Amino acid sequence: EEEEEEEEEAEEEEEAARRLPLYLALCNRSPSMLAALLAGFDGASAAAQATVQELLPGLLLHLPMEAVTEVLLAQLRGEPDASPPLAAASPLPLLALHVLADRATAVGGTVPAALTAGVLGLVSRLGPHGGAYAVPLLPFLDESQSVAVLPALLRLDKGDLTEALAALAHAEPPPLAPRALLLQLHLLKPEDGERGVPLKALIDAVQACINEREVFTRAELTAALEEVVQLDPLPLLTMRTIIQTMVNWPDAATAVMGLLRTLLEREVWATKLWGGYVRCCSMAMPLSRELFYAMPPAQLEAALASHPDVKQKLVAHARAERGAVPTAALGVLGL
């Protein structure tokens with residue numbers, strides 16, 4: 001009996017898969033029929049799902065965008081005529097959004113404003129994967145919308161997050177200029193909890209930007225950091241980003257020295273960034289000699305205690321050019 005039931009179920013699934021092209025053809029005449037397709041997708045057989053995913057893009061190329069927008073948003077909102085709401089990770093609405101976005105891009109147009117506003121308004125309700133729905137629409141957002149969606153993007157998996165940031169950075173024109181995107185990432189505060197911004201995700205996001213060298217050039221990075229070092233309080237990732245800039249763009253050394261001097265003037269030793277600051281200065285030797293000499297004696301002594309190799313270099317320099325070294329620094333160096 002079990003075998004008979006399984007055979008019957010298999011036959012029903014095959015028959016449903018055969019009838020799907022006809023149903024999709026009817027959707028072309030009545031776009032509202034898409035609602036039932038979206039609602040039933042997650043529970044459909046693998047064969048039926050494969051058929052829908054294969055044929056749906058072709059259908060969506062011809063349906064009015066406004067009609068598809070209405071059906072999609074109704075489904076995502078879980079409205080009475082489109083209940084229950086789709087799971088956040090369901091591939092079908094994501095596929096639909098990508099098709100609509102590609103369709104708009106191909107003709108140099110845009111997607112309906114109702115679609116972007118509607119999806120962004122639902123992102124926070126759709127759980128940790130909600131930001132995925134915004135990814136196809138990123139090139140069509142304005143600056144304020146892009147800033148607002150960043151926390152949701154940072155809750156995505158690393159691969160999806162990298163894809164999202166690339167979509168923002170390579171949009172023509174980008175809704176956020178590269179330096180503005182970097183600045184906004186630094187303004188986000190790491191928080192715990194489901195709706196917080198994980199610190200690791202924030203680190204991954206900034207690194208993903210730095211790795212896009214064609215977009216995040218030396219000039220863009222240093223311009224963003226010039227604003228970052230003026231923020232109060234200083235963002236947690238400030239020193240990490242400065243170090244990565246120095247590593248990825250060695251010819252940015254002069255600009256980096258200016259950033260480090262600004263931080264010293266702001267008494268960076270009184271913040272959590274001090275350890276990273278000293279490390280950065282040690283990496284930048286001998287360009288950073290004057291920064292070490294400008295440190296208050298107590299801070300200089302502590303910095304040299306953790307970096308004895310730097311102390312040796314400073315002592316050698318001070319002996320050779322004693323008149324160029326502040327008296328307080330000479331005392332710390334034992335000269």
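The values are calculated or read from the model by the stated rules, or taken from the named source; none is laboratory data. Values in this document were obtained by computation on a predicted structure and should not be read as measured data. Because the Cβ atoms are built from the backbone with ideal geometry, glycine has one as well, and the counts that use them run over all protein chains shown. Heavy atoms of the whole protein, side chains included, go into the accessibility calculation; ligands, DNA and RNA do not. Shrake-Rupley method; radii C 1.70, N 1.55, O 1.52, S 1.80 Å.
Each row is one residue, and each column tells you yes or no for (1) surrounded by 15 or more Cβ atoms within 10 Å (Cβ to Cβ); (2) touching a Leu at 6+ places or on another chain (Cβ under 7 Å); (3) over 28 Å from A171 (Cβ atoms); (4) among the basic types (K, R).
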{"site": "A223", "(1), (2), (3), (4)": "yes, no, no, no"}
{"site": "V229", "(1), (2), (3), (4)": "yes, yes, no, no"}
{"site": "E265", "(1), (2), (3), (4)": "no, no, yes, no"}
{"site": "G275", "(1), (2), (3), (4)": "no, no, yes, no"}
{"site": "E321", "(1), (2), (3), (4)": "no, no, yes, no"}
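Is it the case that L55 is open to solvent by 40 Å² or more (accessible area, probe 1.4 Å) and without any contact (Cβ under 8 Å) to a residue 60 or more places away in the chain? Yes. If you go through the stretch 141-160, how many residues are open to solvent by 40 Å² or more (accessible area, probe 1.4 Å) and either basic (K, R) or in a helix (DSSP H, G or I) (or both)? Here the count works out to 9. Of the residues making up the stretch 277-294, one or more are within 22 Å of L187 (Cβ to Cβ) and in a helix (DSSP H, G or I).
Taking the criterion of being open to solvent by 20 Å² or more (accessible area, probe 1.4 Å) and either at pLDDT 95 or above or part of a helix (DSSP H, G or I) (or both), the residues of the stretch 107-126 that qualify are A113, A114, A117, L120, G121, S124, R125, L126. Checked against the criterion of being modelled with pLDDT of 90 or more, open to solvent by 60 Å² or more (accessible area, probe 1.4 Å) and either more than 19 Å from the chain's Cα centre (by Cα) or on the phi > 0 side of the Ramachandran plot (or both), the stretch 80-97 contains not a single residue that satisfies it. Select, from E163, E191, the only residue that is assigned to a loop (DSSP other than H, G, I, E, B) and either more than 16 Å from the chain's Cα centre (by Cα) or surrounded by fewer than 19 Cβ atoms within 10 Å (Cβ to Cβ) (or both). Being assigned to a loop (DSSP other than H, G, I, E, B) and either more than 16 Å from the chain's Cα centre (by Cα) or surrounded by fewer than 19 Cβ atoms within 10 Å (Cβ to Cβ) (or both) holds for just one of E163, E191, which is E191. Scanning the stretch 6-51 for residues being within 34 Å of the chain's Cα centre (by Cα) and either charged (D, E, K, R) or modelled with pLDDT under 75 (or both) gives a total of 1. Evaluating L291 against the criteria (1) of a type in the set (A, V, I, L, M, F, W, C); (2) within 23 Å of L154 (Cα to Cα); (3) open to solvent by less than 50 Å² (accessible area, probe 1.4 Å) leaves one unmet condition, (2). Q75 meets the conditions (1) open to solvent by 20 Å² or more (accessible area, probe 1.4 Å); (2) at pLDDT below 85 in every case but one. The failed one is (1). Counting the residues of the stretch 233-243 that are open to solvent by 40 Å² or more (accessible area, probe 1.4 Å) and assigned to a helix (DSSP H, G or I) gives 1.
Of all the listed residues (M257, M283), the sole one being open to solvent by 50 Å² or more (accessible area, probe 1.4 Å) and within 29 Å of the chain's Cα centre (by Cα) is M283. L202 versus (1) of a type in the set (A, V, I, L, M); (2) modelled with pLDDT of 90 or more; (3) open to solvent by 10 Å² or more (accessible area, probe 1.4 Å): which is the lone unmet condition? Of the numbered conditions (1) of a type in the set (A, V, I, L, M); (2) modelled with pLDDT of 90 or more; (3) open to solvent by 10 Å² or more (accessible area, probe 1.4 Å), the odd one out for L202 is (3). For A328, the stated conditions hold: it is closer than 24 Å to G258 by Cβ, of a type in the set (A, V, I, L, M, F, W, C) and assigned to a helix (DSSP H, G or I).
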